[in-house]
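FYI, it's all coordinate maths here, none of it is from the lab. Computed from a predicted model, the values in this text were never measured in an experiment. Glycine also receives a Cβ, built like all others from the backbone with ideal geometry; neighbour counts cover every protein chain displayed.
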Amino acid sequence: MIQVRELRVDYDDVCAVRDLSLDIPAGEVFGLVGPNGAGKTTTLRTVVGLLEPTYGEVHLNGLDLSTHREEAVRMVGFMPDFAPVYEDLTVWEFLDLFAASYLIPPDQRREAIDKQLELVDLTEKREAMTATLSRGMRQRLLIAKTLIPEPRIVLLDEPAAWLDPYGRALLKDILRRLGSEGKTVLISSHVLAEMSEFCTSIGIMEKGRMMVSGRVEEVAERVLGRAEAWVESLGDDAACANLLEADPRVSSLRREGASLVFGFDGGPEELSDLLRDLVRAGVRVASFGRRKEDLEDVFLKVGAKEVS
Amino acid sequence: MMIDVLVLKNPVLVKHLRSRLRPQHLIPLVLMVVAICACITWASMAADDPRGGLMGLITFQGLLLFLVGSSAVAAAVSNARESGMLDFHRISPQRPLALSLGFLLGAPVREFILFACTLPFALVLAAEADHTLLLWLAATVDLLLLSPLYYSIAILAGLALPKRTSSTTLTLMLIIFLHMGWMVQAVGCLTIIPLTAALATDAASSVPLHTTILGFPAPALLVCLLHQLPILVFLLVAITRKMRHELAYPLTKLDAISFYFVMALLLLSDAPAGLAMIGPSHGGESPELGGIALSYGLALLGCLFAALVTPDAGAFARGVRHARKLGFSHPSNWEERAANPATVAVFAAIFLVAGIAASSLLPGPHAQSMRIMTGAFVGACAVLFCGLAKQSFDLVFGKNSNSYFLLLLFGCWALPLIIALSLSVVSSGDDALVTVIMALSPIAGIGLAIAGDSAYSSVVSFAAVTASAVLAIAFAAFAARTVRRATEAASSVG
């Protein structure tokens, strides 16, 4: 888990991160969202120990970074927002370098390297020089490098920036697996649509401050208000509209194209009950669902303007 | 076990072994080196001058190890740092010392192989020439031991300077500069020249060259090692700190004080040797030259170290805020991000003590001892002024401080020399006025205070002492005020 307390980081006259506090439990995939210069990368680099804070505390799995830096960072896999590689090494030599750096015994390195190459689908490039890889492939190689020591905490800065759709799908699978394995993942990204797919929690930063953070649904509800759902029925939907209006949990009913959209004060089970009631009442439901929280709406509502 | 982790199983070293020893790159270079060495050997044997051939080969070896090797090291470190690869190493479980050794021994591995290819030819020539085998061995040992020293400088430059080209250029310039100043024993011991020059001149002797340290005779190789090892240790300390953290200062304030103290001891021990390391002038025939070398050396190093331990405005503010958070009004004087006055004062004190020690160590009349002490006082004031002015300007002018600081140094140190030079051209004959104006700058003032034996030397010394002391006192007051204001400003900003 990652715990950050009253973190402040200054660059000359600029305060890049101001009194940031954050708790990310194990198994959480936390997305750090914000405009350029919000302090996301600075936060990640401070959490991994590459930047020294002006003050504040960072604990990684209970270890204080300021006093137990070497033990703490040993648990961390970090991938920066660009993809540096040693261009004079082959793919396997590059991974072997970091397998050795993370003290993986020589007899286990080959297996560990092959496993990660398979995970990022670079097995065929095993003997290729890294200089010959495309930008997206380098990004995938770096994901493999990040995961080779089996870190308990994974920090990814803009991990999908140079990935093609196939690479993004791979990344999504990897992140899901990391979350399910109980690892703590902290991602920063501008690509808001993807963050809602990757992350279980988000935090929105602006000018070095954390504006809002929590589970994706909670943040969306806090910022945008109650959750919304929609129903599309075959034939005349007046009966459907009447039924919805009669339900005390439904509010703000309106028509959007062929659908009826409404605010719903309840969880997934209550929504499922509502669908059952509609069907029982004879409404021919063509489609029905809860609107996915749109991170971009949340982000814009919080006040950040510059989304790239 | 330690050697296993630091060297034999060092991943960064293995990385360089793989990338720099690929046969397609190495074999053509080996063939070229062998061809060059074969030509030198054949030509010198044919001309019946194996000693000359050996000198040529050692020069070639020096070029390979020192210049090409240092460039490779500086480039490897700069590239790793600029690309961000170094950050990956920094957050790996590898110790900073292991990373440093990985670059130190790994990046120049190709040059080591090429050097090894030259050794059989050098051995043949050394065996052919009369009485040169021991001298050649000493020179070869020195050549190999000097390489890590230069590579450490290259690594530090790669870690500290913003661009790859600047780190390579600075390293090469420094190596060349050292070789140009080899006549000063302290500098000569950091080059291969004293031992190779002996090969050319000491035809009748098979015994390695001797020199003096603290006035006592000692083998030249030993004296060279005594100079190289402490410097190498402090360089490794600095490299290890920078390897751990990008924004770390190369030396803590206490490290810098220790390093300065050791350098003062080395310069002091060399002072009796005067200037020439080789030749008949051993034994303090011109003690003032030893005093001048000591004072200029300590002044140069003092200013350099003062700049190294001076935090910029941002770092100073971070230090104050951190201290406030912990409940203190300001950081301890010896912390990295604390202002430098206390450290600079210690540098000046070491300088003065070294001056006093030199004046009693070097043979000569009382007046000469007084002159050496006066020169040391001028130098100590110059270090004090330089350090305090740097700190004050950094705090007052922020990012523009370097330009204003250079302007200040130009005004205080270079302008008197320019004015004196102009005056000497315009009004030829008034030597006293010209010399007094020159003495206002410590660049000339130190030397004039020590070496001046003219009728008006007391006036010159007075001018040099007064100018240096006034500047030091003025900037002590200015620094105290700026540090206080900067502390208040950093504390009040949220």
Quiz item: Distance from the Cα centre of the range A:217-269 to that of the range B:86-100, in angstrom?
Solution: 56
Quiz item: If the cut-off is a Cα-Cα distance under 18 Å, which lysines reach residue B:390, setting aside same-chain residues fewer than 8 apart in sequence?
Solution: B:253, B:399
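Which helices, taking whole DSSP H runs in chain B, have alpha carbons extending 20 angstrom or more along the helix axis plus mean Kyte-Doolittle at least 0.5?
Details: long enough: B:23-46 (34 Å, 1.72); B:69-83 (21 Å, 0.15); B:109-128 (29 Å, 1.62); B:133-160 (41 Å, 1.88); B:164-180 (24 Å, 1.10); B:220-244 (36 Å, 1.64); B:253-270 (26 Å, 1.39); B:287-308 (31 Å, 1.58); B:341-361 (30 Å, 2.05); B:366-397 (45 Å, 1.00); B:457-492 (52 Å, 1.03).
Within chain B the helices that satisfy the rule are B:23-46, B:109-128, B:133-160, B:164-180, B:220-244, B:253-270, B:287-308, B:341-361, B:366-397, B:457-492.
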Quiz prompt | Separation in nanometres of the label points that stand 7 Å from Cα toward Cβ, at residue B:216 and residue B:397 | solution = 4.9
Quiz item: Quick one: Debye curve from the C-alpha atoms of the range B:263-494, no solvent, what's log10 I(q)/I(0) at q = 0.09 Å⁻¹?
Solution: -0.43
Quiz item: lysines within cross-link reach of residue B:163: Cα-Cα under 16 Å, excluding same-chain residues under 8 positions apart?
Solution: B:242
Quiz item: Remind me, relative contact order of the range A:2-221 in percent, using alpha carbon pairs under 8 angstrom and six or more residues apart?
Solution: 31
Quiz item: Using a simple charge model, +1 on the beta-carbon of Lys and Arg, -1 on the beta-carbon of Asp and Glu, nothing else, what dipole does the range B:263-494 show about its Cα centre, in debye to the nearest 20?
Solution: 1160
Quiz prompt | Label-point separation, residue B:334 to residue B:488 (7 Å along Cα→Cβ), nm | solution = 3.0
Quiz item: What is the packing order of peptides B:91-97, B:326-332, taking the mean over residues of other C-beta atoms within 10 Å and listing the highest first?
Solution: B:91-97, B:326-332
Practice problem: Compute the acute angle (0 to 90°) between the alpha-carbon long axis of helix A:91-101 and the principal axis of greatest extent of the alpha-carbon atoms of chain A; round to the nearest 10°. | Solution: 80
Quiz prompt | Debye equation applied to the C-alpha atoms of the range A:176-218, log10 I(q)/I(0) at 0.21, 0.24 Å⁻¹ | solution = -0.75, -0.94
Exercise. Could you count how many Lys pairs in chain A have their Cα atoms under 19 Å apart, skipping same-chain pairs fewer than 8 positions apart?
Key: 15
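Using a 10 Å cut-off on Cβ atoms, rank the peptides B:71-81, A:104-114 from the highest mean neighbour count down.
B:71-81, A:104-114
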Quiz item: At what distance in angstrom do the alpha carbon centres of the range B:111-174 and the range B:379-445 lie from each other?
Solution: 38
Quiz item: Using just the C-alpha positions of the protein assembly as shown as equal point scatterers, what log10 of I(q)/I(0) does the Debye formula give at each q in 0.05, 0.11 1/Å?
Solution: -0.39, -1.27
Quiz item: Can you tell which of A:230, A:101, A:182 lies farthest toward the positive end of the dipole of chain A, using +1 and -1 charges on the Cβ of basic and acidic side chains (Lys, Arg; Asp, Glu)?
Solution: A:230
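Test of understanding: ordering A:181, A:57 by Cβ neighbours within 10 Å, fewest first, what list do you get? Kindly include the intermediate steps, with their values, before the conclusion.
Numbers: A:181 11, A:57 15.
So the residues, fewest neighbours to most, are A:181, A:57.
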Quiz prompt | Pairwise centroid distance, computed over Cα atoms, of the range A:167-211 with the range A:20-63, Å | solution = 13
Exercise. Pick out, from B:149, B:131, B:77, the residue whose Cα sits farthest towards the positive end of the charge dipole of the range B:1-248, with +1 on the Cβ of Lys and Arg and -1 on the Cβ of Asp and Glu.
Key: B:77
Quiz prompt | Principal-axis tilt of helix A:165-180 within chain A, Cα atoms, nearest 10 degrees | solution = 90
Quiz item: How do B:385, A:264, B:475, B:177 rank when sorted from fewest to most other Cβ atoms within 10 Å of their own Cβ?
Solution: B:177, A:264, B:475, B:385
Self-check item: Nitroxide proxy distance, nm - points 7 Å out along Cα→Cβ at residue B:123 and residue B:466
Solution: 6.8
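Using a simple charge model, +1 on the beta-carbon of Lys and Arg, -1 on the beta-carbon of Asp and Glu, nothing else, what dipole does chain B show about its Cα centre, in debye to the nearest 20?
2360
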Quiz item: Could you give the dipole magnitude of the protein assembly as shown about its Cα centre, charging the beta-carbon of Lys and Arg +1 and that of Asp and Glu -1, in debye to the nearest 20?
Solution: 600
Quiz item: R0 = 30 Å: FRET efficiency of residue B:480 with residue A:57, Cβ-based, nearest 0.05?
Solution: 0.35
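Taking the range A:228-290 on its own, what percent of its Cα-Cα pair distances exceed 18 Å? Before the final figure, lay out each step's value.
Numbers: 407 of 1953 pairs.
That tail contains 21 percent of the Cα-Cα pairs.
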Practice problem: Would you mind giving the average projected area, over all directions, of the Cα convex hull of chain A in nm² with one decimal? | Solution: 19.1
Quiz item: How far is helix A:268-280 tilted off the main Cα axis of chain A, in degrees rounded to 10, range 0 to 90?
Solution: 30
Quiz item: When B:15, A:183 are ordered from fewest to most other Cβ atoms inside 10 Å of their Cβ, what list results?
Solution: A:183, B:15
